[in-house]
Amino acid sequence: MQAAGDGPAGPLRGIKVLDASTILAGPLSAQILGDFGAEVIKIEHPAKPDGMRGHGLDKDGTPLWWKMISRNKQTITLNLGTPEGQDIFRELAAEADVVVENFRPGTFERWGLSYQELTRRNPGLIMLRVTGFGQTGPYAKRPAFGTLVESMSGFAHLTGGPEGPPTLPAFGLADSIAGVAGSAAISMALFDRERNGGTGQEIDLDLLTPIMTAVGPGVIYADQLGIDQERTGNRSQNNAPRNLYRTADGNWVAISTSAQAIAERVLRLVGHPEVIDEEWFATGRTRAEHADLLDRYVGDWIAERTRDQVIDLFEEAGAAVAPVYKPSDLLRDPQVVATDMITTVSDDELGPMRMQNVMWRMGRTPGAIRHTGRAVGADTDDVLTHLGRSSEDIDKLRSRGVV
């Protein structure tokens, strides 16, 4: 079990991050930095804490998603709408390497916390600014959430059955992709700062671009061919067989044949090697044109066997298959367990809990979960004391609603 202070320091040891963002991309970017050793200070409004605390399920009144998204972060309260709160933020930013914020464009400027203002005292500061559509352009001031950009990106258009409606994901896909992208952008900016004289930079990250990139080549197809891809359900326009197939015991498995050799192994396994010599079988795209036939061959074979039998036989044949899992299945999967993809951590309120581990395994400077998400303002006094505020000063700030 991982407990507070366990694990190596990580590659970002000594980097200080101010996380002034809310649901979800900005906090995830900061979480990833914290996983790999950065000191992250999570800033919340004293009367209106981060809405992430109210997202998802709770246990005995304790929000569970918060425990993950705010792990490895100190939590303080600070009212950035007050002059005193703004002064404290400037002091914190003067010592920081990174600021993460996701307010509407112009909000930080209105508070006197623009990038230009903050870099007067700290020219090495890196500022990640996360918005729905970016800091400029006709949509800059629009309120936006992941759902909206999942719709605009082409994702919803491509997701769902051919005869059904566009379909949204059941989770924060756009925010999560942007959160990972944000951590990469900050890391690049830190690398550039080290190589090029210590000057920081402002990063304009919108939610639309990362998921639009993840959706694939649709924009190029539309531009160069005048073609809009359409929904194909669980099938792919790039290869076949590729689908979900029901097993004899009522479970489902997924198959993909992106590599030609895998496609050949699958068809030999299911007893139809004759199609391998067909001219149309030579590429993924032309195989996809015969998906009905290939799905019938594969689907009929799978329907006669249990999930475990299918997986074992596919593994013996060197073909690609995976079960369709519920989250509870992941907790028991041998590969997940063996590589600690889901790890057990100690939580002050709820005791041992399992959550997703750090996203990648680095050989020399691995990340670690040092602690789970903390209560509102748990570290306010410690952080302000570091800035030179006395206990009496902090009490006065608290009485005035500044912290």
Going through the stretch 374-394 one residue at a time, which ones are over 27 Å from Q31 (Cβ atoms) and surrounded by fewer than 13 Cβ atoms within 10 Å (Cβ to Cβ)?
-> G388, S390, S391, E392
Counting just the residues of the stretch 315-331 that are in contact with a helix residue (DSSP H, G or I) (Cβ under 7 Å, 6 or more places away or on another chain) and of a type outside the set (V, I, T), which one comes out surrounded by the most Cβ atoms within 10 Å (Cβ to Cβ)?
-> A319
Scan T75, T82 and give me the residue that is of a type in the set (V, I, T), surrounded by fewer than 22 Cβ atoms within 10 Å (Cβ to Cβ), under 22 Å from R398 (Cα atoms) and modelled with pLDDT of 95 or more.
-> T82
Which residues, taken from the stretch 115-142, are surrounded by 16 or more Cβ atoms within 10 Å (Cβ to Cβ), small (G, A, S) and either in a helix (DSSP H, G or I) or free of Cβ contacts under 8 Å to residues at least 60 places away in the same chain (or both)?
-> A140
Matching residues, the stretch 93-114, being among the hydrophobic types (A, V, I, L, M, F, W, C) and surrounded by 15 or more Cβ atoms within 10 Å (Cβ to Cβ) = A93, A96, V98, V99, V100, F103, F108, W111, L113
Going through the stretch 5-63 in order, the residues found to be in a loop (DSSP other than H, G, I, E, B) and of a type in the set (S, T, Y) are S21, T22
Looking at the stretch 217-241, which of its residues are touching a strand residue (DSSP E or B) at 6+ places or on another chain (Cβ under 9 Å) and crowded, with 17+ Cβ neighbours inside 10 Å?
-> R235, S236, P241
Name every residue in the stretch 362-403 that is free of Cβ contacts under 8 Å to residues at least 24 places away in the same chain and in contact with an Asp or Glu (Cβ under 8 Å, 6 or more places away or on another chain), in order of residue number.
-> S391, I394
Where residues in the stretch 181-196 are of a type in the set (A, V, I, L, M, F, W, C) and open to solvent by 50 Å² or more (accessible area, probe 1.4 Å), which of them is farthest from M359 (Cα to Cα)?
-> F191
Would you mention how many residues in the stretch 222-265 are in contact with a helix residue (DSSP H, G or I) (Cβ under 7 Å, 6 or more places away or on another chain) and either small (G, A, S) or more than 30 Å from P166 (Cβ to Cβ) (or both)?
-> 8
Would you please name the residue that is farthest from R307 (Cα to Cα), looking only at residues in the stretch 210-241 that are at pLDDT below 95 and among the hydroxyl-bearing types (S, T, Y)?
-> T232
Could you list, in sequence order, all residues of the stretch 21-30 that are buried (at least 24 other Cβ atoms within 10 Å of the Cβ) and either at pLDDT 95 or above or under 21 Å from T380 (Cβ atoms) (or both)?
-> S21, A25, G26, P27, L28, S29, A30
Of all residues in the stretch 251-275 being open to solvent by less than 30 Å² (accessible area, probe 1.4 Å) and without any contact (Cβ under 8 Å) to a residue 40 or more places away in the chain, the one that is farthest from the chain's Cα centre (by Cα) | V275
Single unsatisfied condition, G197 versus (1) at negative phi; (2) without any contact (Cβ under 8 Å) to a residue 24 or more places away in the chain | (1)
Given the residues T199, T209, which is the only one that is open to solvent by 70 Å² or more (accessible area, probe 1.4 Å), more than 28 Å from R296 (Cα to Cα) and either out of contact with any helix residue (DSSP H, G or I) (no Cβ under 6 Å at 6 or more places or on another chain) or small (G, A, S) (or both)?
-> T199
Among the numbered conditions (1) open to solvent by 50 Å² or more (accessible area, probe 1.4 Å); (2) over 26 Å from the mean Cα position of the chain (by Cα); (3) modelled with pLDDT of 95 or more, tell me where L244 comes up short.
-> (2)
Looking at the stretch 148-166, which of the residues that are of a type in the set (S, T, Y) and touching a residue at least 24 places away in the same chain (Cβ under 8 Å) is least open to solvent (accessible area, probe 1.4 Å)?
-> S153
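The values are calculated or read from the model by the stated rules, or taken from the named source; none is laboratory data. As the structure is a computational prediction, the values presented were derived from the model and not from experiment. Quick reminder, even Gly has a Cβ in these numbers, built from the backbone with ideal geometry, and neighbours come from all protein chains shown. Accessible surface is based on the protein model in full, side chains and every heavy atom, while ligands, DNA and RNA are left aside. Shrake-Rupley method; radii C 1.70, N 1.55, O 1.52, S 1.80 Å.
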